[in-house]
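Asks: Submitted below is the structure of interest, expressed as structure tokens.
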Amino acid sequence: MEPNQLADLLNQFKAGQIDLADAIERLRRLPFESLEFATIDHHRRLRCGFPEVIYCPGKTVEQVVTIFTRLAEHGGDVLATRAGDEQVAAVLRKFPSARHHATARAITLRQTEPQVGNAGLVGIISAGTSDLPVAEEARVTAEIMGAPVTTIYDVGVAGLHRLLGRLEDIHRAKVLVVVAGMEGALASVVGGLVSSPVVGVPTSVGYGAHLGGIAPLLTMLNSCAAGVSVVNIDNGFAAGYIAALISRQSADR
């Protein structure tokens with residue numbers, strides 16, 4: 001339930017448009033909904049600022065569609081991450097207005113008007129083209145949460161002039177998500193150039209001793225740039241979510 005929906009419900013009760021029993025019954029469904037295979041947290045939008053997100057791997061097509069439907073019925077925006085082809089096709093059949101973001105492997109359903117206002121700009125930076133799936137997941141997440149986003153892709157440290165050529169755009173951002181595989185040095189480089197917080201995202205892109213993302217993870221964790229924080233390997237969703245929350249804080253000042 002969206003905050004404005006809760007306010008409408010309370011105003012309807014106050015005005016005598018619905019009785020107490022009806023109000024209680026509608027509120028009873030607010031905290032969570034128990035299904036055979038899932039317990040859907042309908043209260044999360046009120047607590048955390050965005051509804052529960054569907055992580056698709058490990059779920060059947062039917063489970064994804066059912067959870068997506070239950071979330072959509074409550075009127076909020078819906079985000080499903082790491083969706084497979086069959087899951088995407090089934091959701092789009094039921095929700096033609098939903099959007100599939102192929103590179104990000106995500107599905108979104110926009111049902112509310114974005115409240116961007118004075119929210120701070122989120123900058124998404126990727127080191128290489130191979131990092132785009134993770135960077136795009138961050139972008140899609142931040143945008144469905146209402147943050148304005150700019151993207152700066154393929155500007156890794158192997159050609160530092162590419163990054164320096166975008167400094168004006170980088171400095172406009174209130175928070176930066178830096179996505180990098182290989183050795184993961186880009187997060188530290190960006191962190192040393194800006195006064196904004198940097199969310200580093202190590203990716204599993206790289207050769208042998210890269211160890212599936214462990215090498216850039218350790219590089220980012222050991223960054224000497226004080227403004228860099230780090231999320232898990234390939235976790236563009238978490239980075240985009242955190243960036244959107246920081247963006248909102250900028251708007252509240």
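Asks: Along the charge dipole of the chain, pointing to its positive end and built from +1/-1 on Cβ of Lys, Arg, Asp and Glu, which listed residue (Val199, Gln249, Thr69) has its Cα farthest out?
Replies: Gln249
Asks: Against the longest alpha carbon principal axis of the chain, how many degrees, from 0 to 90 and to the nearest 10, is the axis of helix 132-144 turned?
Replies: That helix lies at roughly 40 degrees to the long axis.
Asks: Taking the 0 to 90 degree range and rounding to the nearest ten, how far is the long axis of helix 61-73 tilted relative to the main principal axis of the chain, both from C-alpha atoms?
Replies: For 61-73 against the chain, the angle is about 70 degrees.
Asks: Over the Cα atoms of segment 73-122, what is the Rg over Rh ratio if Rh follows Kirkwood? Write down the numbers at each step before the final one.
Replies: Values: Rg = 12.6 Å, Rh = 12.1 Å.
My calculation puts Rg/Rh at 1.04.
Asks: Take the eigenvalues of the Cα gyration tensor for the chain, scale each by 5, and report the square roots as semi-axes in whole Å, largest first.
Replies: Value: 37, 21, 14 Å, ordered largest first.
Asks: Just grab the label-to-label distance for Gln17 and Asn118, each label 7 Å out from Cα along the Cβ direction, in nm (one decimal).
Replies: It is 3.2 nm.
Asks: Let me check the size of segment 19-109 from its C-alpha atoms; what are the radius of gyration and Dmax in Å?
Replies: 13.9, 48
Asks: What full-extension length gain, to one decimal in nm, is calculated for Thr60 and Arg162 as 0.36 nm per residue of separation minus the Cα-Cα distance?
Replies: 32.5 nm
Asks: Something else: Could you derive backbone 3J(HN,Hα) for segment 211-219 from the dihedral phi with the Karplus parameters 6.51, -1.76 and 1.60 (θ = phi - 60°), listing whole Hz in sequence and x where the residue is Gly or Pro?
Replies: Ordered by residue, 3J(HN,Hα) equals 6, x, x, 5, 4, x, 4, 5, 4 Hz.
Asks: Using per-residue counts of other Cβ atoms within 10 Å, averaged over each peptide, order 237-245, 125-133 from highest down.
Replies: Highest to lowest by the protection proxy: 237-245, 125-133.
Asks: What lysines does Lys94 reach when the alpha-carbon gap must be under 28 Å and sequence neighbours fewer than 8 apart in one chain are set aside?
Replies: Partners found: Lys59.
Asks: Take the Cα gyration tensor of segment 122-252, multiply each eigenvalue by 5, square-root it, and list the three semi-axes largest first, rounded to whole angstrom.
Replies: Equivalent-ellipsoid dimensions as semi-axes: 21, 15, 13 Å.
Asks: When only C-alpha pairs under 8 Å and at least 6 residues apart count, what is the relative contact order of segment 32-191, in percent? Intermediate results must be reported in sequence, preceding the final value.
Replies: Numbers: 266 pairs, mean separation 27.2, N = 160.
Averaging sequence separation for qualifying contacts and normalising by length gives 17 percent for segment 32-191.
Asks: Same structure again: Working only with C-alpha atoms, what are the Rg and Dmax values of segment 115-169, expressed in angstrom?
Replies: Rg then Dmax for segment 115-169, in Å: 12.2, 38.
Asks: In degrees, nearest 10, range 0 to 90: what is the angle between the Cα axis of helix 85-94 and the longest Cα principal axis of the chain?
Replies: 40
Asks: What 222 nm value per residue comes from the helices of the chain, counting each DSSP H run with n ≥ 4 as -39,500 (n - 2.57) and dividing by all residues, nearest 500 deg cm²/dmol?
Replies: Theoretical 222 nm ellipticity from helices: -12000 deg cm²/dmol.
Asks: How much length is gained if the chain between Ala226 and Arg172 is pulled fully straight, taking 0.36 nm per residue apart and subtracting their Cα-Cα distance, in nm to one decimal?
Replies: Using 0.36 nm per residue and subtracting the Cα-Cα distance, I get 17.5 nm.
A short reminder: the numbers here are calculations on the coordinates, not readings from a lab. Since we're looking at a predicted model, the values are computed, not measured. A quick note on method: Cβ atoms are made from the backbone with ideal geometry, for glycine too, and the neighbour counts reach across all protein chains shown.
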